[in-house]
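The values are calculated or read from the model by the stated rules, or taken from the named source; none is laboratory data. These numbers were taken from a predicted model, which means no experiment stands behind them. Every residue, glycine as well, gets a Cβ built from its backbone with ideal geometry; the counts of neighbours run over all protein chains shown.
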Amino acid sequence: MIDFSISPELAALAARTRKFVIDEIVPYERDPRLTQHGPTDELRQEMVEKARAADLLSLQCPTTFGGKGLSHIEIAVVLEASGWSTLGPVAMNCAAPDEGNMYILSKICRPDQAERWLKPVVQGHQRSVFAMTEPEGAGSDPAQLKTEALFDGSHFTINGLKWLITGANGAKTWIIMARVLPNSHGPDGPTLFLCDGDTPGIEIERVMNSMDRNYVEGHGVVRFNNLKLPASALLGEVGQAFRYAQMRLAPARMTHCMRWLGAAARAHSIAIEHARTRTAFGKPIGEHQGVSFMLAQNEIDLKVSRLLTWQTAWLMDQGIKGRHESSIAKSEISERLFQVTDRCVQVLGGIGVTDETVVEMIYRDMRPFRLYDGPTEVHKYAIGRQILRQGSEFEATPTADGLPIPYVKAAE
């Protein structure tokens, strides 16, 4: 039997999360500190304190670092509730990039690194960045990494240009990806480093103007100009950056889906209420077939998105890495949720393109979701390659006893 029920405790936590977001965080959506470049750090800190007081801060983190140690399924339920406002995950310290950074740091950093760079992020006292993406280098294909690190036996000197570095302005915990050049002192290759954001050699050239404004302090262009770091700044081992980044990929893809599912549901709720009360041609617009079909398709897409999210989260809870499954989920969910929000704008009519409702903000913030953590096309390319190499669960390949191969055989 397939059981889709959740525990009463989890249902209560989700309800408490939704109520907190509605009562405490939604009013901030009109705050002038929500700028073109996202919420200011001052606004973030104010909201974080409210979440701390409500005991809803960093729920997704391991208990050893101060979180609640939720499973992937539990995170899915709670993060959907947090996403009712695009500021909800910021307040609860489960927004990108901090959420993904906390995940990878909890897996690979040393105890001394955890004390200095991870715990303050988990506690909401400082923010973090993941500096990988480059204008003409690493992006959807991280193998094009151009930022270089020269090792002299005791220190690394890093030079390179990064952009779309979310939250760079004011962040204190920095994870930097650079290619260690061949040297006589040890191994080389793509490597992760940890350092403070105010280290000499980190130059934030500007904050990019972008269509979304839900990430704290926006997206920065950053130059590393002879950034000198000690050997102790290594995060993990030299040459292992891609492997470590893969650890982060599937969970980060899915937490994006979880948060944006909540935001799309909010837009849908607003559209439904409008369709009930707005009249045209003698009756509420929701009774016109064109509008009712859009709302119906929204309901379908939200349901499919939730099921894909929960199934992939469940697989990861079984110990399966979920790279293939998370690619399927992320590529499909990102497209469906954007279409949901687009239909909501259409149902609202003229006010849908204004800030009379939050739908237009959700629409703008939602669009980049189809690009972040891999555009749809890259995921589909990976899905296609996987099918050709290892087959599809839908192929008629029998087991020894003549029965179809079960979908989940064992943990990878």
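Just the residues that are among the aliphatic types (A, V, I, L, M) and either surrounded by fewer than 20 Cβ atoms within 10 Å (Cβ to Cβ) or farther than 25 Å from S140 by Cα (or both), please, taken from segment 300-315.
Our first condition is that a residue be among the aliphatic types (A, V, I, L, M); within segment 300-315, this holds for 300, 302, 304, 307-308, 313, 315.
Correct list: I300, L302, V304, L307.
Looking only at segment 223-247, filter to residues that are out of contact with any Phe, Trp or Tyr (no Cβ under 7 Å at 6 or more places or on another chain) and crowded, with 19+ Cβ neighbours inside 10 Å; which one of those is nearest to M47 (Cα to Cα)?
Here the answer is A245.
Would you check if there is a residue in segment 355-371 being more than 19 Å from S85 (Cα to Cα), in the same structural domain as M294 (by TED's automatic domain parsing) and modelled with pLDDT under 95? Explain how you work it out, then say what you get.
So in segment 355-371, the residues more than 19 Å from S85 (Cα to Cα) come out as 371.
From the residues that got through so far, the ones that are in the same structural domain as M294 (by TED's automatic domain parsing) too are 371.
From what's left, modelled with pLDDT under 95: 371.
Yes - at least one qualifying residue is present in segment 355-371.
Out of the residues in segment 262-309 meeting the condition of being more than 30 Å from G319 (Cβ to Cβ) and among the charged types (D, E, K, R), tell me which one is nearest to the chain's Cα centre (by Cα).
Checked segment 262-309; the qualifying residue nearest to the chain's Cα centre (by Cα) is R266.
If S140 meets every condition in (1) within 19 Å of the chain's Cα centre (by Cα); (2) crowded, with 22+ Cβ neighbours inside 10 Å apart from one, which number is that one?
(2)
Can you pull out the residues in segment 354-370 that are part of a loop (DSSP other than H, G, I, E, B) and buried (at least 16 other Cβ atoms within 10 Å of the Cβ)?
Just the residues of segment 354-370 that are part of a loop (DSSP other than H, G, I, E, B), to begin with: 354-358.
Result: T357, V358.
Restricting to segment 25-68, give me the number of residues that are over 28 Å from A114 (Cα atoms), assigned to a helix (DSSP H, G or I) and over 22 Å from the mean Cα position of the chain (by Cα). Write out each step before concluding.
Pass one, segment 25-68, residues over 28 Å from A114 (Cα atoms): 25-37.
Cutting the leftovers down to assigned to a helix (DSSP H, G or I) gives us 25-30.
From what is left, the residues that are over 22 Å from the mean Cα position of the chain (by Cα) are 27, 30.
Qualifying residue count, segment 25-68: 2.
For segment 120-164, give me each residue that is of a type outside the set (G, A, S), at pLDDT 95 or above, touching a helix residue (DSSP H, G or I) at 6+ places or on another chain (Cβ under 7 Å) and not in a strand (DSSP E or B).
Passing the criteria: V121, V122, Q126, R127, M132.
Limited to segment 245-266, what total is found for residues that are touching a Pro at 6+ places or on another chain (Cβ under 9 Å) and under 21 Å from M132 (Cβ atoms)?
Going through segment 245-266 one residue at a time, the tally reaches 4.
Filter segment 71-104 down to residues that are in a loop (DSSP other than H, G, I, E, B) and under 24 Å from I175 (Cα atoms), then give me how many there are. Spell out the reasoning first.
Step one: of segment 71-104, the residues in a loop (DSSP other than H, G, I, E, B) are 71, 83-87, 92-97.
Restricting the remaining residues to those that are under 24 Å from I175 (Cα atoms) gives 87, 92-97.
Residues that pass the stated criteria total 7.
Among the candidates R206, R259, R213, single out the residue that is under 20 Å from the mean Cα position of the chain (by Cα) and either in a strand (DSSP E or B) or assigned by TED's automatic domain parsing to the domain that holds Y363 (or both).
Details: R206 fails: under 20 Å from the mean Cα position of the chain (by Cα); R213 fails: either in a strand (DSSP E or B) or assigned by TED's automatic domain parsing to the domain that holds Y363 (or both).
After applying the criteria, what remains is R259.
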